[in-house]
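See below for the structure under consideration.
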Amino acid sequence: MKVLTLLLLLISILCACVLSACKNTLECGTWAFSGDVQGTGTGSAFPISSAFTFNPANCGSKCDITTDCIIQMVAVYNSVDRDYQYPNSGQEERATPNGWSIDQLDGWAYGYYGLNNDGTTFDNVYNPTGSNGNPTTLYDEPSGWGNNTYFYSLDAAVSFDTKSCNNRILGYYFWSWTIDNGGNPSKFIIGNAWKDLDTEFQSAVAGWNTWAPMQGSQNEQVPGQPIDPHAYPFPTLSDL
C-alpha cells in the first residue's frame, strides 16, 4: 500500500513538473500567490497568502457572485517513512486513501477555510471573502514538520451564500514545500492545478461529509461564536 501511494505521489509530481502536457483544472478567474520559507528543521514554516479573483468572463459565465471563499485540502508525506502524516486525528480520520484531507482547525464546525461556527461569517485572519472582481484570500502558515517532508496543498475557490451560481467551484490552485534530510526548507511545485486533483478534492469533500456528522460538540473558542452540536457536511459542490 505504501509503495502504491508513493507511486501515485510521484505521478502527481511528474504531472506538475511537465504541466504543459497536463490538462488544467477549471479557472474562472486569476490566482495571486505569495510566500517564503523560513527557519530550519521542525522550526521551518511557510507563511503564505493565496488569493483568487473571480472573473466570470474567463469561463463564459454571467454569474454575479456576492461572496466567494476558499476550501483547502492538504497532504503531508514523509519520504523516508513512506507514509502520510497528519496534524491531528480528525484530519487522519477524514483523509482519502491518497492522504488528502480538508484542512480545518479542531472545533470549527464547517470545512470552509475560516468560516465561523455561526455558518455565515468568516474570520478575516484566515480567509476574508471576495466577490466578482474582488479577491478572496487564504492565509496559512504550515509549520512544525520534520525532515524529509513534502507538504502539498490544493486551494479551491467556491461561491458561497449567493442567490445564483451557489456552491460552485470557481478555480483550483496547488502549492507545496519540502524539508530535506538536512532540515532545509524550500518551495516546491506552485501553480494552477491540473486534472485529477479536482477528483481528489471531491474525494476529500466526501471524506469530510462522512466524518462531520459523527463528531461531537464543536467549539472554535472565538468570543461570540456558538458551540455547535457537531460538524456540518458540505453541500454538493460542482465546477461552474
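Read the figures in this text as sums done on the coordinates, not as results from a lab. All of these numbers come straight from a predicted model, not from anything done at the bench. A quick note on method: Cβ atoms are made from the backbone with ideal geometry, for glycine too, and the neighbour counts reach across all protein chains shown.
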Considering the values (i) 17.3, 52; (ii) 40.1, 145; (iii) 18.3, 61, which represents Rg and Dmax of the Cα atoms in Å as calculated for the structure under consideration?
(i)
Could you tell me what % of all Cα pairs in the range 158-240 have separations over 14 Å?
76
To the nearest 20 Debye, how big is the dipole of the range 86-240 about its Cα centre, given +1 on the beta carbon of each Lys and Arg and -1 on that of each Asp and Glu?
300
Place +1 on the Cβ of every Lys and Arg and -1 on the Cβ of every Asp and Glu in the chain, take the dipole about the Cα centre, and give the residue among Ala57, Asn134, Gln72 whose Cα lies farthest towards its positive end.
Ala57
Sequence gap at least 6, Cα distance under 8 Å: using those rules, report the relative contact order of the chain to the nearest whole percent.
25
With 10 angstrom as the radius, rank Arg94, Arg82 by how many other C-beta atoms surround their C-beta, starting from the fewest.
Arg82, Arg94
Kindly provide the Kirkwood hydrodynamic radius of the range 111-169 in Å, to one decimal, from all pairs of distinct alpha carbon atoms.
13.5
Using 0.36 nm times the number of residues separating Asn167 and Leu105, minus their current alpha carbon distance, what extension gain do you get?
20.1 nm
Sorted by mean Cβ packing within 10 Å, highest first, what order do the peptides 136-146, 210-220 take?
136-146, 210-220
Which of Ile189, Ile179, Ile65, Ile227 has the fewest Cβ neighbours within 10 Å, and the rest in rising order
Ile227, Ile189, Ile179, Ile65
Residue order, fewest to most surrounding Cβ atoms within 10 angstrom, among Asp198, Asp81:
Asp81, Asp198
